[in-house]
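Here is the structure we will look at.
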Amino acid sequence: MGLFIAQMRKAQINNYRNDLEYKIQLISTSKMDMSSKINDMVALSTDLDPDSPEMKALEKKKERLYQAEKALDNKLQTYQQQLEMINAEEQSVNQQLSQAIQRSYAA
């Protein structure tokens with residue numbers, strides 16, 4: 001890989017990493033918000049009769065939030081795996097970049 005191509009690939013990897021890190025941050029923020037809502041629902045449910053329609057509706061909402069949180073966890077795991085692959089690719093590109101620089105000075 002030539003020096004210019006290695007530099008372009010490194011820039012592309014950095015952009016992709018930044019995008020993944022941003023997505024991970026958004027998911028983490030969303031999960032914190034959901035956890036807060038779930039905690040609020042749990043606190044609210046302590047005052048309700050377990051057999052009341054309000055309690056049943058609250059339980060359904062909590063279950064939907066748990067499912068959404070689980071989906072976010074899966075997406076987060078996918079992004080983290082992609083980030084690991086990007087880090088490995090960056091190491092490879094850095095090595096190729098270093099070799100290209102050495103070749104250019106050796107010539």
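Every read-out reported here was derived from the displayed coordinates using simple, explicitly stated rules and does not represent laboratory data. Owing to the predicted nature of the structure, the values given are computational and were not obtained by experimental measurement. With ideal geometry, Cβ positions are generated from the backbone for all residues, glycine too; neighbour counts draw on all protein chains shown.
A few comments on the model shown:
- You can think of it this way: the chain between Ala11 and Met34 has 4.8 nm of extra reach, that is 0.36 nm per residue less the Cα-Cα gap.
- Note on the chain: Lys pairs 8 or more places apart or on different chains, Cα atoms under 13 Å apart, count 7.
- Axis of helix 3-45 versus longest Cα principal axis of the chain: the two differ by about 10°, to the nearest ten degrees.
- On Cα atoms only, tilt of 53-106 relative to the major axis of the chain in degrees: 10 degrees
- Euclidean distance between Cα centres, region 57-107 to region 1-53, Å: 13 Å
- The three principal axes of the Cα atoms in the chain give end-to-end lengths of 82, 15, 14 Å, sorted in falling order.
- The mean sequence distance of close C-alpha pairs (under 8 Å, at least 6 residues apart), as a share of the length of the chain, puts its relative contact order at 56 percent.
- In the chain, the DSSP-assigned H stretches of four residues or longer account for a calculated mean residue ellipticity at 222 nm of -34000 deg cm²/dmol, using -39500 (n - 2.57) per stretch and the full residue count as denominator.
- Asp51 paired with Gln82, simple spin-label distance in nm, labels 7 Å along Cα-to-beta-carbon: 5.0 nm
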